[in-house]
Amino acid sequence: MAADFTRPDVSPFTPDMDFTPGTSFIRSHFTVPAMTKLIIFTDLHMVPEGTTIIGLDPAERLAAGIDHVNRYHADADQVIVTGDLAHRADRTSYERLKRELDKLTPPLAITIGNHDRRETFLDVFPETVTDENGFVQRVIDFDDCRVVLLDTLFAPPYDYPNSHAGLLCDIRMEWLDRQLETAGDRPVLLFMHHPPHATGFSGMDQIRLINEVEFYDLVKKRGNVLHIFAGHVHRTISGSSRGIPFSVFKSPVHQQPMPFEAPDASLSVDEPAAYGIAVMTDTGVLVHTEDYEIAKREAAVA
Ligand SMILES: [Fe+2]
Ligand SMILES: [Fe+2]
């Protein structure tokens, strides 16, 4: 039964209410509009069994993240993965990745990044929704937002350095335009592997989305994008570009180190793994980053 907020003398809490982590207390007991909750993973960089990245096992790191999501956010409306799924885009790694992702409780939506190969990925994940042109991008509508996943993969061929940058070709830009145009009253959340703006890291900025001016011209013209979510940089970064706020999340595996001036875009460091949480509210969107390897420790009163 829904709580009655018009009766302040009556407690909305009853003994049968379940406060267990992962249960949706608010939704089941209060009369409030649905607020979409999204979990965001990026840059999974799966490798074949027995191999590592700077000594780290991507499967182990991801498995811990999936356990954490299933424990605390089993009620999430969607888990979104924003690319760099397999470190070297090999079939064995995609198959290993699929075995891990299949353990997620909430529904899954995926797009790809510069480390991926579209055909190999789709071969191993044939249930993936693509657009009518075969790009790994899709729309998911919720009551309070439209989620749009974009496929920013430029390569193959992988001619360094340009092909590791992101691109939304004319076909994909037209598709995006249509999705923004038909969003109705829903604010749009964009999810893409490559940030469409600089993040301050000299190496990574060389390989960001290369047609950012056209991208922002379109987004600003439509005027309904509430937030942009990206990966690629392997670091928690937030800010705004052209007046539109963005969030970039860490990888579950290797992270981008300081300083800003990096001699090599692949320079990486072992820092705690993370995923993102986005929750729609009646006034906007909340964005959290969850360093789940730290957060697994028991809480105590400070
Ligand atoms: Fe990456
Ligand atoms: Fe990337």
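A short reminder: the numbers here are calculations on the coordinates, not readings from a lab. The structure displayed is predicted, hence computed values, not measured ones. Every residue, glycine among them, receives a Cβ derived from its backbone with ideal geometry; neighbour counts consider all protein chains shown.
Odds and ends about this structure:
- Residue satisfying condition, being among the aliphatic types (A, V, I, L, M), more than 20 Å from the chain's Cα centre (by Cα) and more than 16 Å from ligand 2 (Cβ to nearest atom), within set Val213, Val219: Val213
- Single condition Asp291 does not satisfy, out of (1) charged (D, E, K, R); (2) touching a residue at least 24 places away in the same chain (Cβ under 8 Å); (3) within 25 Å of Arg146 (Cβ to Cβ); (4) away from ligand 1 (no atom under 14 Å from the Cβ): (3)
- Test: residue in region 129-138 that is among the aromatic types (Phe, Trp, Tyr) and either surrounded by fewer than 21 Cβ atoms within 10 Å (Cβ to Cβ) or under 15 Å from Met46 (Cα atoms) (or both): no
- Some residue of region 205-227 being of a type outside the set (D, E, K, R), in contact with a Phe, Trp or Tyr (Cβ under 7 Å, 6 or more places away or on another chain), within 16 Å of ligand 1 (Cβ to nearest atom) and touching a residue at least 40 places away in the same chain (Cβ under 8 Å): yes
- Exactly one residue out of Pro126, Pro107 is more than 18 Å from Ala274 (Cβ to Cβ) and without any contact (Cβ under 8 Å) to a residue 12 or more places away in the chain, and it is Pro126.
- Region 234-250 residues that are free of Cβ contacts under 8 Å to residues at least 24 places away in the same chain, paired with ones that are surrounded by 16 or more Cβ atoms within 10 Å (Cβ to Cβ) (beta carbon under 6 Å, 6 or more apart): Pro245/His227
- Members of region 154-195 that are within 16 Å of ligand 1 (Cβ to nearest atom) and surrounded by 15 or more Cβ atoms within 10 Å (Cβ to Cβ): Phe154, Ala155, Ser163, His164, Ala165, Gly166, Phe191, Met192, His193, His194, Pro195
- Strands (runs of 3 or more DSSP E) completely within region 217-290 that count 2 or more residues being under 30 Å from Glu174 (Cα atoms) and of a type in the set (Val, Ile, Thr): 225-230, 244-248, 275-280, 285-290
- If you filter region 37-89 down to residues that are over 16 Å from the mean Cα position of the chain (by Cα) and among the small types (Gly, Ala, Ser), you find that the one that is farthest from Phe229 (Cα to Cα) is Gly50.
- Number of positions in region 95-115 that are touching a His at 6+ places or on another chain (Cβ under 8 Å) and part of a strand (DSSP E or B): 1
- Yes/no for Val279 being within 22 Å of Ala76 (Cα to Cα), without any contact (Cβ under 8 Å) to a residue 60 or more places away in the chain and out of contact with any Phe, Trp or Tyr (no Cβ under 7 Å at 6 or more places or on another chain): no
Listed here are the residues, each with its yes/no results for (1) within 16 Å of ligand 1 (Cβ to nearest atom); (2) of a type in the set (S, T, N, Q); (3) touching a residue at least 12 places away in the same chain (Cβ under 8 Å).
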residue: Ala74; (1), (2), (3): no, no, yes
residue: Thr82; (1), (2), (3): yes, yes, yes
residue: Arg88; (1), (2), (3): yes, no, yes
residue: Lys103; (1), (2), (3): no, no, yes
residue: Asn114; (1), (2), (3): yes, yes, yes
residue: Phe135; (1), (2), (3): no, no, yes
residue: Thr152; (1), (2), (3): yes, yes, yes
